[in-house]
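The values are calculated or read from the model by the stated rules, or taken from the named source; none is laboratory data. Everything quoted here is computed from the prediction, not taken from an experiment. So basically every Cβ, Gly included, is an ideal-geometry build from the backbone, and we count neighbours across all protein chains shown. Side chains included, ligands, DNA and RNA excluded: accessible areas come from the protein's heavy atoms. Shrake-Rupley method; radii C 1.70, N 1.55, O 1.52, S 1.80 Å.
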Amino acid sequence: MPDSDNRRIRKTLTGDFPPNPRADYVELGVTTPFSFLRGASEASYLVATAHSLGYDALGVADLNTMAGVVRLHAEAAKASLRPVIGCRLRLVTGEEFLAYPRDRAGYGRLCSLLTKGKRHDTSDHWQAKGACDITLADLAAHADGVQLIVLPDDSLTARLPELTRRLPTLRHIAASYLYHGDDRARINRLDRLARAHGLSILATNDVHYHSSERRPLQDVMTCIREKTTIHRAGFLLNANAERHLKSPAEMVRLFADWPHAIRASREVADACTFSLTELAYEYPQMDLAPGETPQTRLERLTWEGAAGRYPAGVPEKVQKLLIKELEIIGLKKIPQYFLTIHEIVLWARAQGVLCQGRGSAANSAVCFVLGITSVDPAEQELLFERFISLDRDEPPDIDVDF
């Protein structure tokens, strides 16, 4: 990447990010490096460039995965940008869609669809890396609440009647400039096809990198993916470097004859109200005794475990640690997490399965007396704040090897 581009992005990444005004257009066809060997720009560069170009929202749609949404969400939060969470689906029959859930329930169905696609049809065994077998029937069964945008190919005209019949949430056909010399005629054909089936075209630049200077890297990634060389790749490579983020104003100019395609991008983005901030751990429900709470059960099990660990009496040092940890666990409202891990460990050992807690959880006296970890707080100086801190708004991570 040229030094000037590096300096511009570095300045944007480290500067202030005042919110941009609402733009007429939202790019929804963004691919990140989590579309393995396809996307050539990390989320930080995509978001910083989007902000500098005037976007107030940016979609993310990686191929058959939600893996890239977390980084884009985190970077967008820094840049006062609204992330629009979605993915790009490729069916086993070749059709491709941009898929954007409207709400939390739609997001859950989309994730369930991806999980199903990454497993074999007849078992719970996972597919080979990168494989995702999704059929049209699978998509139809999981599409409620998911906005679908079909990406056109040579067979779309013949397939569209069936797609619209089986996919009620399919409302748009993606339209992009390919710079092959026939863009206007091709987009007009897509527009007529969409109107004939009660749909609308939706503008996208099918973004694979933040800046045109990243095109050589994307070419190399294509060669790695296709197991060939630059000199032999030929038409496997994109014909130009236009798959970069373009400003909303530039997209409005390009689609001046199809303003409804620009409006469609904004409408889909605005209808997608789901945010990753809605996600939270949902622990299994437990059968509690009358008057018992998860916290009181954890406290009871903790002191019973402490008596078992220290039959001669719980050392004062350990008592103080347990009281402190139980108080913090209660304040963080996570006693069910400890109870769940404790139940898993007990079950595994009852089956003769060796297991051992490790990592930052080894700094917890509660984990020790529950039998999850084996670092004795009476003999070692533990740093509980490395495991759980009131200053960090995130759940703890208890790693257990089986």
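What whole number of Å gives the distance from the Cα centroid of the stretch 280-332 to the Cα centroid of the stretch 347-367?
16 Å
Give the lysines reachable from residue 246 as a straight Cα distance under 28 Å; neighbours fewer than 8 places away on the same chain don't count.
11, 78
For the chain, which whole-number percentage of the solvent-accessible area (1.4 Å probe, protein heavy atoms only) is attributable to carbon and sulfur atoms?
Using a 1.4 Å probe with all protein chains present, the chain comes out at 53 percent carbon and sulfur.
So what are the three principal axis dimensions of the chain from its Cα atoms, in whole Å, longest to shortest?
Largest first, the chain extends 86, 50, 44 Å along its Cα principal axes.
Jot down the radius of gyration and Dmax of the stretch 150-228, Cα atoms only, both in angstrom.
15.5, 42
Tell me, what does the Kirkwood hydrodynamic radius of the stretch 47-124 come to in angstroms if you use every pair of distinct C-alpha atoms?
13.7 Å
Given a Förster radius of 25 Å and the C-beta distance between residue 36 and residue 141 as r, what FRET efficiency does 1/(1 + (r/R0)^6) yield to the nearest 0.05?
Values: r = 26 Å, r/R0 = 1.05.
So the FRET efficiency works out to roughly 0.40.
I'd like the Kirkwood hydrodynamic radius of the stretch 214-339, using the inverse of the mean 1/r over distinct C-alpha pairs, in Å.
21.7 Å
Could you list the square roots of 5 times each eigenvalue of the Cα gyration tensor of the stretch 335-400, that is, the equivalent ellipsoid semi-axes, sorted largest first and rounded to whole Å?
Its equivalent ellipsoid spans semi-axes of 21, 15, 9 Å.
Around residue 202, what is the net charge, scoring Lys/Arg as +1 and Asp/Glu as -1 over all other residues with Cβ under 14 Å from its Cβ? Walk me through the numbers before you get to the answer.
Values: positive: 88, 171, 195, 263, 266; negative: 24, 27, 96, 191, 206, 267, 270.
Residues near residue 202 contribute -2 overall.
Using just the helices of the chain, give the 222 nm mean residue ellipticity in deg cm²/dmol: DSSP H runs with n ≥ 4 each add -39,500 (n - 2.57), and the total is spread over all residues, rounded to 500.
So the helix-based figure for the chain works out to -13000 deg cm²/dmol.
Can you tell me the FRET efficiency between residue 385 and residue 228 if r is taken as the Cβ-Cβ distance and R0 is 56 Å, rounded to the nearest 0.05?
0.60
log10 I(q)/I(0), Debye, Cα-only the stretch 82-211, no solvent, q = 0.19 Å⁻¹?
Once normalised to I(0) and log-transformed, intensities are -1.13.
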